[in-house]
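The values are calculated or read from the model by the stated rules, or taken from the named source; none is laboratory data. Bear in mind that the values here come from a model prediction, so they are computed numbers and not experimental data. Glycine gets a Cβ as well: all are built from the backbone with ideal geometry, and neighbour counts include every protein chain shown. All accessible areas refer to the heavy atoms of the entire protein, side chains included, with ligands and DNA or RNA removed. Shrake-Rupley method; radii C 1.70, N 1.55, O 1.52, S 1.80 Å.
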Amino acid sequence: MQIQDNCVVSIHYTLTDDTGARLDSSEGTEPLTYLHGLGQLIPGLENELTGKIQGDQFQIAVQPHEAYGEYDKSLVQLVPHNAFEEVGEIYPGMQFQTNGPDGHPQIITIQEVNENGVTVDGNHPLAGKVLHFDITVGSVRSATAEEIAHGHAH
Ligand code: ZN
């Protein structure tokens, strides 16, 4: 069957950036299984999967506006050291998950630590990046009534 809304889809994927560096892959692990049509994947990838069938293979470059958004400089902020009192040692590159203003989980990355405070970056780590996916569609089936009610694949 073709991928459409309310299908449970399993895909194998490899994600690389513009330089060809591998960022993520399902190789050697379970495929990624999701319920199609609910925005569980980034829009550029989910749209491309619509209409595909089991066994299809394709490559796609997804622009930031259809992935994790453009890089937003206003999300880089200087916060006081005492905001991290409970964390202990902090260092550049360290990442935390917090709840963003809209209630969704947000990853913040420590950019710099100096005497003035701590510079944090609230952009998604993949914001502003063109994402290159290599996809193989593993399986496609209709979701059960329970899966549709729950809004996720079982
Ligand atoms: Zn469930």
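Within segment 132-154, residues that are at positive phi have Cβ atoms under 8 Å from residues that are at pLDDT 95 or above and within 11 Å of the ligand (Cβ to nearest atom) in these pairs: G151/L35, counting only partners at least 6 apart in sequence or on another chain. Applying the set (1) within 15 Å of V9 (Cα to Cα); (2) within 17 Å of the chain's Cα centre (by Cα); (3) open to solvent by 60 Å² or more (accessible area, probe 1.4 Å) to Q63 leaves exactly one unmet item: (1).
Restricting to segment 90-126, give me the number of residues that are within 25 Å of S10 (Cα to Cα) and among the aliphatic types (A, V, I, L, M). If you could, list the steps in order and put the result at the bottom.
From segment 90-126, those within 25 Å of S10 (Cα to Cα) are 104-105, 124-126; that's our starting set.
Still in the list and also among the aliphatic types (A, V, I, L, M): 126.
Total meeting the criteria: 1.
Would you be able to say whether some residue in segment 30-39 is surrounded by fewer than 13 Cβ atoms within 10 Å (Cβ to Cβ), among the polar types (S, T, N, Q), out of contact with any helix residue (DSSP H, G or I) (no Cβ under 9 Å at 6 or more places or on another chain) and touching a residue at least 24 places away in the same chain (Cβ under 8 Å)?
So in segment 30-39, the residues surrounded by fewer than 13 Cβ atoms within 10 Å (Cβ to Cβ) come out as 30, 39.
In the following step, the residues that additionally are among the polar types (S, T, N, Q) were identified as none.
Scanning segment 30-39, I find no residue that is surrounded by fewer than 13 Cβ atoms within 10 Å (Cβ to Cβ), among the polar types (S, T, N, Q), out of contact with any helix residue (DSSP H, G or I) (no Cβ under 9 Å at 6 or more places or on another chain) and touching a residue at least 24 places away in the same chain (Cβ under 8 Å), so the answer is no.
Determine whether L75 is open to solvent by less than 70 Å² (accessible area, probe 1.4 Å) and under 19 Å from A153 (Cβ atoms). I'd like the intermediate steps shown before the answer.
Details: open to solvent by less than 70 Å² (accessible area, probe 1.4 Å): yes; under 19 Å from A153 (Cβ atoms): no.
Against the criterion (open to solvent by less than 70 Å² (accessible area, probe 1.4 Å) and under 19 Å from A153 (Cβ atoms)), L75 does not qualify.
Of everything in segment 1-38 that is in a strand (DSSP E or B) and of a type in the set (S, T, N, Q), the residue that is nearest to G55 (Cα to Cα) is S10.
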